Amino acid sequence: MTTEQQPTNRTAREVDLLWGFDRPAPRRGPRPKLSREAVVDAAVAVADLEGLEAVSMQRVARELGYTTMSLYRHVDSKEDMLVLMSDRALEGTPPEPRADRGWRAGVEEWIHRVMEVYRRHPWAIRLTLSGPPAGPNGLRWMEAGLREIVRSGLDVGNALQMLAMLSSLVRDTLRIEGDMARVAREAGSTMAEAERDYSSGLRRVVTAEEFPTIALMLESAVLDQRPPSGEPDRLGGPADELDFSIHRVLDGIEVYVERVRAGGPTGAGNTPAG
């Protein structure tokens, strides 16, 4: 095992794991051929190719050409490996502070970059979260997102709530999109085709008398639209329309900050900074 004594506090233990504080002091002699980094890299590669359900200590050991017991010298359990994978998935450089200090554009850029990360590693949105980020990569992304929201004028407490809500919106939307894409793929179609089939099926049972708003939706053909031509990478799923929801959230932040600065009521929660 990597260590004989582990902190009893879960967060403290995850910090030790993610920052490498649990590792024994280096020994003299040649470096071991197998490392924690190699184990996590192999696990990420398996998850990228076959999904999270394919990841196991045995499978990763086989990919590396080692025995399963060899892995336990670097990672104590599959649960620890998943924690390490969750931070490794966020490897990369978050957006830098904008020179124009445009917080809305900064938040939108952060969201789009996060979506790119999750689309590279779609299994990452299916990991169970034990709390806010604690690893070096996760904290860098958290810092970048929080920095832009604080620039709106919200204090850091309210900004943290908004960051959590925006992150949940992105993760849940991408999770739904992934489920839809999988079901469509298994049926030999695309998400756009599946939505048109859904719309066609509803027209058989929906009447304006019983479901007037759904009937209006079908009449407007919002589910029948194809992804714009010239954009083959667009899936035609919920995440393609996420910008509208994001913009309305940012509108709300902007209106709230302006109202409070004008001396209006703040409602529940803290007040804007400055």
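Scanning the stretch 163-188 for residues that are among the aliphatic types (A, V, I, L, M), over 15 Å from the mean Cα position of the chain (by Cα) and either modelled with pLDDT of 95 or more or assigned to a helix (DSSP H, G or I) (or both) yields Met180, Ala181, Val183, Ala184.
Step by step: first the residues of the stretch 229-242, then only those that are within 23 Å of Leu169 (Cβ to Cβ) and part of a loop (DSSP other than H, G, I, E, B), then the one that is modelled with the highest pLDDT. Which residue is that? It would help to see each step written out before you state the result.
First, the residues of the stretch 229-242 that are within 23 Å of Leu169 (Cβ to Cβ): 231, 233-242.
Right, trim to part of a loop (DSSP other than H, G, I, E, B) and you get 231, 233-237.
Details: Glu231: 51, Asp233: 49, Arg234: 52, Leu235: 57, Gly236: 62, Gly237: 74.
My answer is Gly237.
Of the residues making up the stretch 189-206, those that are touching a helix residue (DSSP H, G or I) at 6+ places or on another chain (Cβ under 8 Å) and part of a loop (DSSP other than H, G, I, E, B) number 4.
Flag: Leu166 does not match the condition of being free of Cβ contacts under 8 Å to residues at least 60 places away in the same chain and of a type in the set (A, V, I, L, M, F, W, C).
Total residues in the stretch 207-223 satisfying the condition of being in a helix (DSSP H, G or I) and free of Cβ contacts under 8 Å to residues at least 12 places away in the same chain: the figure is 7.
Within the group Arg36, Arg73, Arg62, which residue is crowded, with 17+ Cβ neighbours inside 10 Å and among the basic types (Lys, Arg)?
Numbers: Arg73 fails: crowded, with 17+ Cβ neighbours inside 10 Å; Arg62 fails: crowded, with 17+ Cβ neighbours inside 10 Å.
The conditions single out Arg36.
Consider the stretch 148-205 and keep the residues that are touching a Pro at 6+ places or on another chain (Cβ under 7 Å) and farther than 17 Å from Ser245 by Cβ. The one that is surrounded by the most Cβ atoms within 10 Å (Cβ to Cβ) is Leu154.
The values are calculated or read from the model by the stated rules, or taken from the named source; none is laboratory data. This structure is a prediction, so every number in the text was calculated from the model and none was measured. When we count neighbours, we look across all protein chains shown, and the Cβ atoms used for this are built from the backbone with ideal geometry, even at glycine.
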